[in-house]
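First up is the structure itself, then whatever we jot down about it.
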Amino acid sequence: MNLLRTGLVIVLLALGGCVETRFESPPGDNLESCDARWKGLWIGDDEKPKDSNTAFSVDDGCRFMLIDQPEKGGPFKEIRIPVNFVHADGKDYVVVSDVALKGLVRIAPPYAIDPAPEKSFYITRYQVRGDAIDLYSVNDQRMAQKVIEGKLEGTVAKTSNELHVFIRGDRAKVLDILRHDTIFNDKSQLHLLKSRQTVAEFERAAMAAQKSNK
């Protein structure tokens, strides 16, 4: 799995696998299905031509697609990722439910929550700067500490190599957490650059680079 695909899964989808934070509710009632600033083809800023077999495309209909080549030299796949956006106090967030990610990765129900909710939510903060987007994931250790100290309601499950945090609260409460708690990492975990290529051009260029580097 290359760096961009790993970053997209971990950061954009706020999905850390064995280290994760999920929310019981999305933040607030004003979830939007589109942020036009995302439209276009996005690649990681450190992607080299011979390694460029993953990109992220947002079409005119605001459909988010992961453009991925599971095996170099093989066909590309387009995986739809339903996302929503929240804008609050001048800050921007991507919100995606665990149910929406079934086509991308296998996700178990929230750890140690019985009965398991029908869905839970991952949240990532982002900043758009012209033709670049920075994404900031939730600081899972910070969230776990807030739950342990009783500052937030939820559960924490930790082993030597896993950390599962579940934050309880309705839509208003989760939005309030975003507004008043420092829950995201201070440093961007993924820096995306807008490409001038179409999806077809990106795929052809990637295939050509792979052939020339055999």
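Residue count for segment 108-131 under the criterion of being within 21 Å of Asp89 (Cα to Cα) and of a type in the set (A, V, I, L, M, F, W, C): the result is 3. Of all the residues in segment 101-131, those that are acidic (Asp, Glu) and more than 19 Å from Trp42 (Cβ to Cβ) number 2. Could you run through segment 135-185 and say how many residues are closer than 18 Å to Lys119 by Cβ and acidic (Asp, Glu)? Qualifying residue count for the region: 1. Just so you know, in segment 1-28 the residues that are touching a helix residue (DSSP H, G or I) at 6+ places or on another chain (Cβ under 7 Å) and at pLDDT below 95 include one that is surrounded by the most Cβ atoms within 10 Å (Cβ to Cβ), and it is Thr21.
Can you tell me which residue among Ala112, Ala144, Ala206 is more than 22 Å from the chain's Cα centre (by Cα) and assigned to a helix (DSSP H, G or I)? Unique residue meeting the criteria: Ala206.
Just one of the listed residues (Ile79, Ile67, Ile113) is modelled with pLDDT under 90, touching a Phe, Trp or Tyr at 6+ places or on another chain (Cβ under 8 Å) and closer than 20 Å to Thr198 by Cβ, namely Ile67.
The values are calculated or read from the model by the stated rules, or taken from the named source; none is laboratory data. Please read all numbers here as calculations on a predicted model, not as lab measurements. Cβ coordinates were reconstructed from backbone atoms using ideal geometry, including for glycine residues, and neighbour counts include every protein chain displayed.
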